[in-house]
Amino acid sequence: MGRLYLVATPIGNLQDITLRALDVLRAVPLIAAEDTRSARRLLDHFGIAAKLTSYNEHNMRAKTPLLLDALAAGDVAVVSDAGMPGISDPGHELVLAAVEAGHTVVPLPGGSAVLAAVAASGLPSRRFHYVGFLPRQSGPRRRALVEAAACGDTLVVFESPHRVRATLEDALAALGDRRVAVCRELTKLYEEIWRGSISDALAHFVQPRGEFTLVIEGGAAPSAADAAPADVPALVAALKADGLTAKDGVAALMKRAKLSRRDAYAAWHAER
């Protein structure tokens, strides 16, 4: 019975790969890669000649049985484009199938954008909540932020350059103006770790580029019952996350934030 090795690869700087990872990649007869082109660049950099096959979200259903056959004959390593396979990357389904088939699964730890960002953020790190990628649409994204904030721990979010400003805007509306560490292009040439408030981050990152990891200060999200009256956008986001209709939401705003019906109506429909 072969072993399935989950090999963490560098998140940017190729020198961050571990010696153990290199030993395994040299030894296994087959490497399943999320992107064979990026995997080949990594292997070529370290002079490793290995047989590659693709394994990603588009072909994993068809490839999983083939990889189980390969495991029956020998060891297989899995690599993603960056970081640990199976964490916001393909690999989870293969791990489940390998375990059910009786194979040993061996994780090889290495580069992690989550741990690097939390460690450098300056925010509390004893407990944190890894959120991963948020929904693409504003409404579901705000609800996801409110739900995640319920635990009260530091939040860690992955985001693309195309949506990072929208995510920061939604975080400001749903959670209030908290401290945030915006980590851009971690371990790469143009690495940036910016610290400040969410509103200041929006002023700083006007034309964002690169891949982002956001570390957001913990604390429960404002609820419909206890949001500060002065923080009307956060209260509106909380009420909408609670599923209130426009009629009930406007009534709650009038009561909680001491607004006139006209102002409450305007505030409700301004936060979409």
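The values are calculated or read from the model by the stated rules, or taken from the named source; none is laboratory data. Keep in mind that this is a model prediction, so the values were computed, not measured. Don't worry about glycine lacking a Cβ; one is built from the backbone with ideal geometry, like all the others, and counts go over all protein chains shown.
Looking at the structure I just gave you, is residue 153 acidic (Asp, Glu) and in contact with a Phe, Trp or Tyr (Cβ under 8 Å, 6 or more places away or on another chain)?
yes
Tell me the strands (runs of 3 or more DSSP E) entirely within the stretch 61-173 that contain at least 1 residues that are within 30 Å of residue 1 (Cβ to Cβ). If you could, list the steps in order and put the result at the bottom.
On the way: elements: 76-79, 104-108, 128-133, 154-159.
Filter on the stretch 61-173 gives 76-79, 104-108.
Please indicate, with yes or no, whether at least one residue in the stretch 47-58 is part of a helix (DSSP H, G or I) and over 21 Å from residue 25 (Cβ atoms). Don't jump to the end; show me each part of the working.
As a first pass, look at the stretch 47-58 and keep what is part of a helix (DSSP H, G or I): none.
No, every residue in the stretch 47-58 fails to be part of a helix (DSSP H, G or I) and over 21 Å from residue 25 (Cβ atoms).
Identify all residues within the stretch 34-46 that are within 16 Å of residue 110 (Cα to Cα) and either in a strand (DSSP E or B) or of a type in the set (Gly, Ala, Ser) (or both); write none if there are none.
Once the filter is applied, which keeps residues that are within 16 Å of residue 110 (Cα to Cα) and either in a strand (DSSP E or B) or of a type in the set (Gly, Ala, Ser) (or both), the stretch 34-46 yields only 39.
Pull out all pairs, ordered by first then second residue, where Cβ-Cβ is under 7 Å, the residues are six or more apart or on different chains, the first lies in the stretch 9-36 and is over 21 Å from residue 114 (Cβ atoms), and the second is in a helix (DSSP H, G or I) and at pLDDT 95 or above.
Once the first residue is over 21 Å from residue 114 (Cβ atoms) and sits in the stretch 9-36, its partners that are in a helix (DSSP H, G or I) and at pLDDT 95 or above give 25/43; 30/70; 31/25; 31/39; 32/67; 33/39.
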